[in-house]
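A short reminder: the numbers here are calculations on the coordinates, not readings from a lab. All values derive from a computational prediction rather than experimental measurement. No Cβ is skipped: glycine too gets one built from the backbone with ideal geometry, and neighbour counts run over all protein chains shown.
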Amino acid sequence: MKRDHQHHLFQEHKTMMTKEKEEEEDGNGMDELLAVLGYQVRSSEMAEVAQKLEQLEVMMSNVQEDDISNLATETVHYNPSELYSWLDSMLSDLNPPSNADYDLKAIPGDAILNQFQIDSSSSSSNKRLKCSSSDSMTVATRNGVADTTAESTRAVVLVDSQENGVRLVHSLLACAEAVQKENLTLAEALVKQIGFLAVSQVGAMRKVATYFAEALARRIYHLSPSRSPIDHSLSDTLQMHFYETCPYLKFAHFTANQAILEAFQGKKRVHVIDFSMSQGLQWPALMQALALRPEGPPIFRLTGIGPPAPDNFDYLHEVGCKLAHLAEAIHVEFEYRGFVANTLADLDASMLELRPSEIESVAINSVFELHKLLGRPGAIDKVLGVVNQIKPEIFTVVEQESNHNSPVFLDRFTESLHYYSTLFDSLEGAPSGQDKVMSEVYLGKQICNVVACDGPDRVERHETLSQWRNRFGSAGFSAASIGSNAFKQASMLLAVFNGGEGYQVEESDGCLMLGWHTRPLIATSAWKLSTNEMVAL
Amino acid sequence: MAGGNEVNLNECKRIVPLNTWVLISNFKLAYNILRRPDGSFNRDLAEFLDRKVPANSFPVDGVFSFDHVDSSTNLLTRIYQPSSLFDHAPHGTVDLTRPLSTSEIVPVLIFFHGGSFTHSSANSAIYDTFCRRLVSICGVVVVSVDYRRSPEHRYPCAYDDGWNALKWVKSRIWLQSGEDSNVYVYLAGDSSGGNIAHNVAVRATKEGVKVLGNILLHPMFGGQERTQSEKSLDGKYFVTIQDRDWYWRAYLPEGEDRDHPACNPFGPRGQSLKEVNFPKSLVVVAGLDLVQDWQLAYVDGLKKTGHQVNLLYLKQATIGFYFLPNNDYFHCLMDELNKFVHSIEDSTRSKSSPLLLTP
């Protein structure tokens, strides 16, 4: 029996041998063997890339030690998967052209500054901005080969001896399966059993199981949570607790602001349009960074968009006033407009009173907002069309890194179970108190929406970065890479939360992701309009 | 000197496929930037540059993986299994309630990734890919283990973490197999991982924990003396004596030299393994690795004390040859590994003199 097993494997691998020798290129001309190791190199460019490596080797053996150390500390690295452009950027750093060097300081921002000390090496001058030159080309190429099938991947992370929790997970999955098969008698029995099992657990597993069990129960008994207007202000409050308890929102704001700051380099009038205004938590830090620019702050205009509040209370106006006070204190000329909209799809570029782009540069920002559009046909396309019309310098997007939008109930149940288990796990390290409890309620509402709701009521339709990439690519955007300076400072930001233990920042194809251990949970990406959509095919 | 370098670069490029050359040269370049002359290391930039991949509990090419983290150490362990073991488990979920098999023996390979004690992680793309290939080709379960890295954590941290990993693996019900419900363990590693495997095996022997075999893939050893291979191969095939020295200075306790037993286990300060029930070893040496004299000395050291060791000497292989399956050495390695890890199931194998295997 074992011999056969061995023999079979041996045969398999012999076939693999031949197969691999023949097919070393994928559909986009990328070397397949390097691609699986994380490097994107076109087979046709392999020799050139090799040449650049040789050049760098020779240069590095000839230059001063200081220059090499500059490559480590001063140079901002972008997208190390794209070897061609990464090597190019280092070659030009060792051979600087006579262009003016841009000063790029770390974002101070009061909200962040008083929590950690800025690394002195990152605040020194002569950082060169580098946008990967082959970026748009590569992205356009990849999207030229239409990727309609999203391959399912699932990163399961078990913390400590969660072997006990596994039984509970199985019961939850069995219940979800019963619901999917509309075997409601079985589902009902299972959901009661889960209730008992959950109580015997501790920590994150217990909380997650309880929320999922409740959501399942709602679905079984057709008790969808109502979406009353009161929900919105409660939502904002819960979000603020979430903001304090764990780094996800702060990371989102920080990394998006970094991309916006870089895009606004040298601009005298800037306009930020925030699709996810809420309490405006993102903007004090950006305003302070702009105030500290060596050439002085630009004129800063902010358009905040949000849903209506109960009693039509003008919370957007109130937020605007607070920001105006801050702007005055830090001597930044400030202009503000709040827009109430039931959905982003109600927006048109004409409503925003945009100024010509030579006069005012625009950034559009969306944090955990776009996925809500996916429940209504045509909505996301409308919004991306409006973004296109606005012609922003940069479009920053932060979304949950998970596919909770599968049409198959069991699939989205399973994905969200793993996702929120990891997320709740990360909260365990936070100090106990109201913030933590409210954060759990905040996440619990999301769980309920994913599991118990359907149709337009189901707004938490999270999708992965890879899915968003395809969408943005088709809509005419190309990725603007976020670099190693943002990576490093984001890592430092995390140190504030529980010593940073467990949180991981990862760079992936120019985007930054924040995860708990090895499971990415949120992804920040930055987009610009493709200058030439027909480039690589 | 420049002329000499050009010759070296050209020769090196002729020996390996171009994409292999690009891969390993790229690592060499990045590592040069990350190491600082004062012995410190740019960990932030290293983490930014390292290409990582997530685990995937959905099988890909017959292999699925999932992660385990110990919250007291935050060290990652990634477990890879062949999906063929579990016909009935729903895809994408992980079942930790039952053993790998109750009838057959399924070897568990504890793999310590390389990186000269300083670089890489279990979730680095190069190691994730390698481990998947191991599972796919050899039909074993692989447990890839992270350890605290230098220079932030020196000797003996990596060995302690390796030892804890062995104990953890041995105590998992879901890694048991066979009629006796044991966890059948092999220790494996490349570069520094090979060094760790040796040291964990030594401790296992002392403490009576059974290890079926050691697999050392161009293991990282050294010594004060400059050997012939170091002198003649210095700088020729991606590696320099200078960088090797840096990594030893970063790992060994401050002030120590390279005859410290962690670096030179059978050297003047080494520990004899005479009359010790050390597991059998498979040692793979790349013929263009400048460290080979130390690796061969290691093999000799084992032989001299009567331990079974198979030496696989790959004459024209460079370091990292096993990262890409585009060369004969890769396939030769996999063949030997396959035989080595399944020999437990072949009870008729006799203890013979050390085999020298050269393709």
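Residues whose amide H comes within less than 5 Å of that of A:S508, counting only those at least five positions distant or on another chain, are A:M513 (H built at 1.01 Å from N in the peptide plane). How are the Cα pair distances of chain B distributed, in percent, across 10 Å bins from 0? Spelled out per bin, shortest first, that is 5, 25, 36, 25, 8, 1, 0. Can you work out the FRET efficiency for the pair B:N277 and B:E225, with r the C-beta to C-beta distance and R0 = 35 Å, to the nearest 0.05? Step by step, r from the Cβ atoms, then E = 0.70.
For the stretch A:243-357, the relative contact order is 25 percent, taking Cα pairs closer than 8 Å that sit 6 or more residues apart in sequence and dividing their mean separation by the residue count. Each residue of the stretch B:258-272 was assigned a 3J(HN,Hα) from its phi angle through the Karplus curve 6.51 cos²θ - 1.76 cosθ + 1.60 (θ = phi - 60°); the sequence is 6, 8, 3, x, 5, 8, 10, x, 10, x, x, 10, x, 10, 6 Hz, with glycine and proline shown as x. Please identify which residues in the stretch A:270-293 have an amide N closer than 13 Å to a label point set 7 Å out from the Cα of A:R355, following the Cα→Cβ vector. So the set is A:270-272.
Total Lys pairs in the stretch A:364-501 closer than 20 Å by alpha-carbon, pairs eight or more apart in sequence or interchain only? Close lysine pairs under the 20 Å cut-off: 4. For B:K304, the aspartates and glutamates whose Cα comes closer than 14 Å to its Cα, not counting residues fewer than 8 places off in the same chain, are B:E275. A crude spin-label estimate for the pair A:D457 and B:S71, with each label 7 Å from Cα along the Cβ direction, gives 3.4 nm. So which residue, out of B:S57, B:S171, B:S121, gets the largest mean-square fluctuation from a GNM of chain B using Cα contacts under 10 Å as springs? Comparing B:S57, B:S171, B:S121 in the GNM, the peak value goes to B:S171. Ratio of Rg to Rh for the stretch B:113-221: 0.95 [Cα atoms; Kirkwood radius as inverse mean 1/r over pairs].
In order along the stretch B:311-327, the Karplus-derived 3J(HN,Hα) couplings, from 6.51 cos²θ - 1.76 cosθ + 1.60 at θ = phi - 60°, round to 9, 10, 9, 9, 3, 10, 8, 9, 4, x, 4, 8, 6, 10, x, 9, 8 Hz, and Gly and Pro are given as x. For A:H517, the residues whose modelled amide H falls within less than 5 Å of its own, excluding neighbours fewer than 5 places apart on the same chain, are A:Y503, A:Q504.
One compactness figure for the protein assembly as shown is 0.97, namely its Cα radius of gyration divided by 2.2 N^0.38 Å.
The HN-Hα couplings worked out from phi for the stretch A:497-511 by the Karplus form 6.51 cos²θ - 1.76 cosθ + 1.60 (θ = phi - 60°) are 9, 6, x, x, 4, x, 7, 10, 9, 10, 9, 9, 6, x, 10 Hz, whole numbers, x standing for Gly and Pro.
In plain terms, the chain from A:C321 to A:R471 could stretch by 50.4 nm, reckoned as 0.36 nm per residue minus the Cα-Cα distance.
Rounded if a/c is under 1.5, else prolate if a/b beats b/c, else oblate: with a ≥ b ≥ c from the C-alpha gyration tensor eigenvalues square-rooted, which is the stretch A:345-501? Oblate shape, in that a/c is at least 1.5 and b/c is the bigger or equal ratio. Taking amide H as placed 1.01 Å from N in the peptide plane, the amide H of B:T240 sits under 5 Å from that of B:G235, each at least 5 places away or on another chain.
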